[in-house]
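Q: Below you'll find the structure I mean.
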Amino acid sequence: MEHQNGIPCASAPVLPARRTVIRLCALLVLALAAGAASAQYPAKPLTIIVPGPPGGSGDIVTRIVAKELADSFRQPVIVDNRPGASGVIGTQALMHAAPDGYTLMMGNTGPNAINYSLIRKLPYKPQDFTAITDVLLFPNVLAVRSDSPFTSVAALVSAAKASPGKLTFASSGIGQTTHLSGELFSQSTGAKILHVPYKGANLGLQAVMSGEVDFMFDNFPSLQSQIAGGRLRALAVTSKERSARLPDVPTMSEAGIPGFEITGWFGLVGPAGLPSDVRDKLQQTVAAILRQPAIQQRFEQLGGSTGGSTAAQFDAFIQSEIRKWDAAVKGAGVTVEQ
């Protein structure tokens, strides 16, 4: 120990202490830099991945939100359609994106809820994503072609029971809500019905309209134009209450299938590790967009209701959906090898 002016002072131990201070200063600088970057967000164009094809309900919803988000942020917002593999292709692209808020995805029931129990060796898990906010919630619709002999759910069930395995239903792919809705319908009625998967909802609907298959459960946003144009006939909606856009169409419960309730949804998600301030800015901006009367009216025209919940609320909702569809997948006895 050395002394200066009668005051003890250490020499050798000073260097480690200085290194600690330097490290702390470096961390502080990085934190401040990250905070400054977040404060400037967004400083460049954004991309929203749609894990489905152009023209589908997810694509329609995303393009509406993207346009408004671009106006709010004064930055271009690119819609990137990446269909295939039950939404896995698009979802993996998000998982590998930088968690900076510039790459997002319009998640939905399939890739963000059903796939976890449906697909063996799924290349992602719920923890790989950050919930931001729900955007649209809507019923599925049980539809047949306009000249179908089936004018009610009861008539469809009766025919299916009379000829087991003869009636067919289309879906947008194995494990999607369009598929599992049909499986649950079969389970609920005790009727044996053949599933015919297609690569996307549009191809499935075309098959119904051409008479290639007998019926299909699909998201209302996808098939409302065909219903309005008289090419499809709606037999029932899967929501708890009747749809304001289809006031004369009964719910599945009203049609004689009690307890049959399925709600589809779309919501914005980001990669894991998304900074909380960026997440909150996105949530608040999208929620404000969804409160606009014009947007609410547009989404009501799509047959759904707007979201805008907090990130925590949306995350809790996704977890509940994962549990619900896990039970449905196990009940249907379906799995997919990816």
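Q: Which ones in region 276-318 are out of contact with any Gly (no Cβ under 9 Å at 6 or more places or on another chain), assigned to a loop (DSSP other than H, G, I, E, B) and not small (Gly, Ala, Ser)?
A: Correct list: Gln292, Leu302, Thr310.
Q: Considering only residues that are farther than 21 Å from Val88 by Cβ and not in a helix (DSSP H, G or I), which ones fall in region 46-66? Before the answer, list the steps.
A: Quick first cut of region 46-66, residues farther than 21 Å from Val88 by Cβ only: 46, 60, 63-66.
The answer is Leu46, and nothing else.
Q: Search region 242-255 for residues being within 21 Å of Val61 (Cα to Cα) and either surrounded by fewer than 16 Cβ atoms within 10 Å (Cβ to Cβ) or of a type in the set (A, V, I, L, M) (or both), and hand back the single one that is modelled with the lowest pLDDT.
A: Going through the qualifying residues, I end up with Ala244.
Q: Would you call Leu223 modelled with pLDDT of 95 or more, surrounded by 18 or more Cβ atoms within 10 Å (Cβ to Cβ) and either part of a loop (DSSP other than H, G, I, E, B) or in the same structural domain as Gln176 (by TED's automatic domain parsing) (or both)?
A: no
Q: Being assigned by TED's automatic domain parsing to the domain that holds Lys125, within 21 Å of Met95 (Cβ to Cβ) and either touching a residue at least 12 places away in the same chain (Cβ under 8 Å) or under 18 Å from the mean Cα position of the chain (by Cα) (or both) is true for just one of Gln319, Gln292, Gln313, Gln301. Which residue is that?
A: When all the criteria are applied, what remains is Gln319.
Q: Next question. Residues in region 83-105 that are closer than 22 Å to Ala328 by Cβ and of a type in the set (A, V, I, L, M): how many?
A: 2
Q: If the requirement is being of a type outside the set (Asp, Glu) and modelled with pLDDT of 95 or more, which of these qualifies: Ser239, Ser146?
A: Step by step, each of Ser239, Ser146 is checked, and only Ser146 is of a type outside the set (Asp, Glu) and modelled with pLDDT of 95 or more.
Q: I need a count of the residues in region 67-79 that are assigned to a helix (DSSP H, G or I) and either crowded, with 21+ Cβ neighbours inside 10 Å or touching an Asp or Glu at 6+ places or on another chain (Cβ under 6 Å) (or both).
A: Total satisfying the criteria: 1.
Q: With the requirement that a residue be free of Cβ contacts under 8 Å to residues at least 24 places away in the same chain and either surrounded by 15 or more Cβ atoms within 10 Å (Cβ to Cβ) or within 24 Å of Val237 (Cβ to Cβ) (or both), what does region 322-338 give you?
A: Passing the criteria: Arg323, Ala327.
Q: Taking into account only those residues within region 172-198 that are part of a loop (DSSP other than H, G, I, E, B) and within 13 Å of Phe215 (Cβ to Cβ), which is nearest to the chain's Cα centre (by Cα)?
A: Ranking the qualifying residues of region 172-198, first place goes to Ile193.
Q: For region 227-280, which residues satisfy the criterion of being within 20 Å of Gln176 (Cβ to Cβ) and of a type in the set (Ser, Thr, Tyr)?
A: Once the filter is applied, which keeps residues that are within 20 Å of Gln176 (Cβ to Cβ) and of a type in the set (Ser, Thr, Tyr), region 227-280 yields Thr238, Ser239, Thr263.
Q: Looking at region 80-127, which of its residues are touching a helix residue (DSSP H, G or I) at 6+ places or on another chain (Cβ under 7 Å), assigned to a helix (DSSP H, G or I), polar (S, T, N, Q) and surrounded by fewer than 23 Cβ atoms within 10 Å (Cβ to Cβ)?
A: Ser117
The values are calculated or read from the model by the stated rules, or taken from the named source; none is laboratory data. All figures in this text were calculated on a predicted structure; none of them were measured in a lab. Positions of Cβ are generated from backbone atoms using ideal geometry, with glycine treated the same way; all protein chains shown enter the neighbour counts.
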